[in-house]
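Here is the structure we will look at.
The values are calculated or read from the model by the stated rules, or taken from the named source; none is laboratory data. Not measured: the values here are computed from a predicted model. Using ideal geometry, Cβ is built from the backbone for each residue, glycine included, and neighbour counts are taken over all protein chains shown.
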Amino acid sequence: MDRRVTFWALYLPPLLWLGVFFLVPLALMATFSFHADLKGGLLQEWSLKQYDILLDKSDYWWRLGISVLIALTVALSATTLAYPVAYFLAYRAKVRASFYLILLLVPFWTSYLLRVMAWKIMLGSNGVINSLLLSAGLIDRPLAGLVYNFGAVFVTLIYVWIPFAALPILAALQRIDLALFEAAADLGATPAQRFWRIVFPLSLPGVLAAFFMVFIPTVGEYVTPELVGGSGGSMVGNIIRELFDGLNWPLGSALSMIMLVLTLALVALAVRLIDVRRLIE
């Protein structure tokens, strides 16, 4: 009885928190997506009007496809660049591993907006990059194409997500038994062979976790495209924000639900196609 009471005492608070602040808003958004307008409140008759509007406007689907492509590219790039960082912390940093880990976590101590704004300042016409190029005599006038485009969005998002992606990879690397390296060395395996036959396969769960941890929130990203992408680098999250700001909640909710379903479908497909256990074996 005491164990059962303890279980529910620990289980109910996070369950209620998740229900109130995640499931209820999600259910409300799904309900709004089936409303013809905001008139009549939540009890009005359901309609597929908003989804019909989205089907007729190809610009929404093009922007959604661009957002998915950007998210895939950013997730792949951030995971690839984070892997050497995690590998260094796990096997090369040794006694200084804790210090380097703190350095990796330093960006978490500053505001997300400040980190994005820093890149806007660096890439701007009067920013650090243009100032260095001008002082070195490599250009005669500031480059205007460094900011307010998809390239700036790519660079900024990759920078933002590398520390996040490194953590699950580091956790996976630290779980690998070091005795496997000694056994492989005794059998004559080279360092490259030890990496590709032992380290990389056993770290794949962390790699996949890092990839999806970056991909899922990046699909709906709107802050970074708003600040460094401008009109030339906007994503579907910016369109959704504009719809809600314009009090077109039903259409914004419908587009949000489509984005959510598409993201979950891509994740489910990837998990089904990629059998981690088979890759490790």
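Key figures
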quantity: Selection within the stretch 46-71 - touching a Ser or Thr at 6+ places or on another chain (Cβ under 9 Å), over 13 Å from I239 (Cα atoms) and touching a residue at least 40 places away in the same chain (Cβ under 8 Å); calculated: Q50, Y51, V68, I70, A71
quantity: Condition broken by L76, with the remaining ones in (1) modelled with pLDDT of 95 or more; (2) farther than 24 Å from L269 by Cα satisfied; calculated: (2)
quantity: Residue satisfying all of: in the stretch 29-41; among the aliphatic types (A, V, I, L, M) and at pLDDT below 90; farthest from A254 (Cα to Cα) among these; calculated: L38
quantity: Selection status of A36, part of a loop (DSSP other than H, G, I, E, B) and surrounded by fewer than 16 Cβ atoms within 10 Å (Cβ to Cβ); calculated: yes
quantity: Residue list for the stretch 122-132, restricted to those being loosely packed, with under 14 Cβ neighbours inside 10 Å and either at pLDDT 85 or above or part of a helix (DSSP H, G or I) (or both); calculated: V128, L132
quantity: Test result for R141, within 26 Å of M29 (Cα to Cα) and of a type in the set (K, R); calculated: no
quantity: Residue satisfying condition, being out of contact with any Cys (no Cβ under 9 Å at 6 or more places or on another chain), surrounded by 12 or more Cβ atoms within 10 Å (Cβ to Cβ), under 30 Å from T224 (Cβ atoms) and of a type in the set (A, V, I, L, M, F, W, C), within set W119, W109; calculated: W119
quantity: Subset of the stretch 234-270 (residues that are acidic (D, E) and farther than 19 Å from T31 by Cα); calculated: E242
quantity: Matching residues, the stretch 137-164, being modelled with pLDDT of 85 or more and either basic (K, R) or more than 17 Å from L227 (Cβ to Cβ) (or both); calculated: I162, P163, F164
quantity: Leading residue by the ranking (farthest from A209 (Cα to Cα)) among those in the stretch 158-184 that are surrounded by fewer than 20 Cβ atoms within 10 Å (Cβ to Cβ) and aromatic (F, W, Y); calculated: F181
quantity: Helices (runs of 4 or more DSSP H) wholly inside the stretch 165-252 containing at least 3 residues that are β-branched (V, I, T) and modelled with pLDDT of 90 or more; calculated: 200-219, 236-245
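Conditions tested, residue by residue: (1) under 30 Å from A179 (Cα atoms); (2) of a type outside the set (V, I, T); (3) in contact with a Phe, Trp or Tyr (Cβ under 9 Å, 6 or more places away or on another chain).
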residue	(1), (2), (3)
T190	yes, no, no
F195	yes, yes, yes
V207	yes, no, yes
A210	yes, yes, yes
Y222	no, yes, no
V236	no, no, yes
